[in-house]
1. Check TYR184 against each of (1) under 28 Å from ARG299 (Cα atoms); (2) open to solvent by less than 70 Å² (accessible area, probe 1.4 Å) and name the one condition it does not meet.
2. So which pairs qualify, if the first residue must be in segment 31-58 and farther than 19 Å from GLY84 by Cα and free of Cβ contacts under 8 Å to residues at least 60 places away in the same chain, the second must be outside any helix (DSSP H, G or I) and among the charged types (D, E, K, R), the Cβ gap must be under 6 Å, and the two must be at least 6 apart or on different chains?
3. Among what's in segment 4-44 and is basic (Lys, Arg) and part of a helix (DSSP H, G or I), pick the residue that is most open to solvent (accessible area, probe 1.4 Å).
4. Is it the case that ILE79 is in contact with a strand residue (DSSP E or B) (Cβ under 6 Å, 6 or more places away or on another chain), β-branched (Val, Ile, Thr) and open to solvent by less than 50 Å² (accessible area, probe 1.4 Å)?
5. Give the residues of segment 259-272 that are within 17 Å of TYR219 (Cβ to Cβ) and touching a Lys or Arg at 6+ places or on another chain (Cβ under 8 Å), sorted by residue number.
6. Can you tell me which residue in segment 61-104 is farthest from LYS28 (Cα to Cα), limited to those that are assigned to a loop (DSSP other than H, G, I, E, B) and more than 22 Å from the chain's Cα centre (by Cα)?
7. Test SER291 against the criterion of being of a type outside the set (Phe, Trp, Tyr), farther than 17 Å from VAL223 by Cα and either under 27 Å from the mean Cα position of the chain (by Cα) or not in a helix (DSSP H, G or I) (or both), and give yes or no.
Amino acid sequence: MTPIISIIIPFYKTPHILLRKAINSLLKQSFQDFELLIINDGNTDEYNYLIDEYIIRDKRIKFIYQENSGVSAARNLGIRSATGKYIIFHDADDFVENNYLYSLYYEIQRSDLVICGVAAQRYPSIDSYVDIREFLSTPSQYNYVQYTNFSVNKIFKRDILIENNIFFHEDLKLGEDALFISEYISKCKLIRCISQNLYYYIPYQSSATRKYDSKYWEYEKRVIESQLSLFSTYPLNKNEEDFQLHWLYLKLRGTLFYYLWWEKDHSLRDHILKDIANSKYFKLVLAEKDSLCHSRIDRLVIHLWKKLGVNGIKFSYYLKIIKDRFNK
């Protein structure tokens, strides 16, 4: 029989104990009508005994091999291989509550997307059932990572993905979830958010988000463009415009400080800082009136950027380092 839900788990060099915990937490679900597609992203033979064990243990589990191509390619292979009406993505080093599948499945019956809270990392979801116009008109409520950046705390309709050719961007190493979700949300009419923290996100030391990538700005620029466009679909009131301006400021500040912390080649670092400072997004932050969401420190930082340019960016970063050390 065709399963109702297809769960997609890519894995690459995941510690065996964490991969086992992820798989076992899904096998213990109260909702049992699913297939588990585990995408082996070019791992060595050391996983063969684990693969053999689970294939024998449960017929719902299917291991699919691909040459090492990254998580986006693995998830896309999973989407193309899935037979379920609904699709759920799960990271190989995380785990879920035993009512995770049932809760998401129950709510997707009357909506196009269901989002739950993320435990362990403090990403709660409010309890709401919203029309897409309300969702996109209130970024102060919904433009946060648990709604727009994580693919793993959601259930998707496979027909929406396939009919609109929505897949993960395989050329991105960071931000691929955000672009995928933006494209999917743009095709939704109703979104259900449930307040239970059902998904446990466990940061792993070898995660891509913990490695330096000189192309970070290129990735982040695409995320900014996608999410700004999404939350500009409908007119925003003054309070929501202020929030979006503050959100943009935080995205830029995070990117600037990322390079000031990681990039050791000062020439390359300054080149990237200048590129960010010359972007339309940076100019928008400097040109608009102060957002009511900005703190006094935020206003000081923006003032330094406006008056001193790249030197002001560096100065604001050093002030942050001093402040962080002082507060320890």
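The values are calculated or read from the model by the stated rules, or taken from the named source; none is laboratory data. Given the structure is predicted, the values throughout are model-derived calculations rather than measurements. Here the Cβ positions follow ideal geometry from the backbone for every residue, glycine too, while neighbour counts run over all protein chains shown. These area figures cover heavy atoms from the full protein model, side chains too; ligands, DNA and RNA do not enter into them. Shrake-Rupley method; radii C 1.70, N 1.55, O 1.52, S 1.80 Å.
1. (1)
2. Hits for this filter: GLY42/GLU67.
3. Just the residues of segment 4-44 that are basic (Lys, Arg), to begin with: 13, 20-21, 28.
Those still in the list that are part of a helix (DSSP H, G or I) too: 20-21.
Numbers: ARG20: 60, LYS21: 105 Å².
Only one residue tops the list, namely LYS21.
4. Details: in contact with a strand residue (DSSP E or B) (Cβ under 6 Å, 6 or more places away or on another chain): no; β-branched (Val, Ile, Thr): yes; open to solvent by less than 50 Å² (accessible area, probe 1.4 Å): yes.
No: the conditions fail for ILE79.
5. Answer for segment 259-272, where residues must be within 17 Å of TYR219 (Cβ to Cβ) and touching a Lys or Arg at 6+ places or on another chain (Cβ under 8 Å): TYR259, GLU263.
6. So in segment 61-104, the residues assigned to a loop (DSSP other than H, G, I, E, B) come out as 67-70, 82-85, 90-94, 97-99.
Now drop any that are not more than 22 Å from the chain's Cα centre (by Cα), which leaves 67, 83-85, 98-99.
On the way: GLU67: 30, THR83: 21, GLY84: 19, LYS85: 21, ASN98: 6, ASN99: 9 Å.
For segment 61-104, the residue satisfying everything is GLU67.
7. Numbers: of a type outside the set (Phe, Trp, Tyr): yes; farther than 17 Å from VAL223 by Cα: yes; either under 27 Å from the mean Cα position of the chain (by Cα) or not in a helix (DSSP H, G or I) (or both): yes.
Criteria met by SER291.
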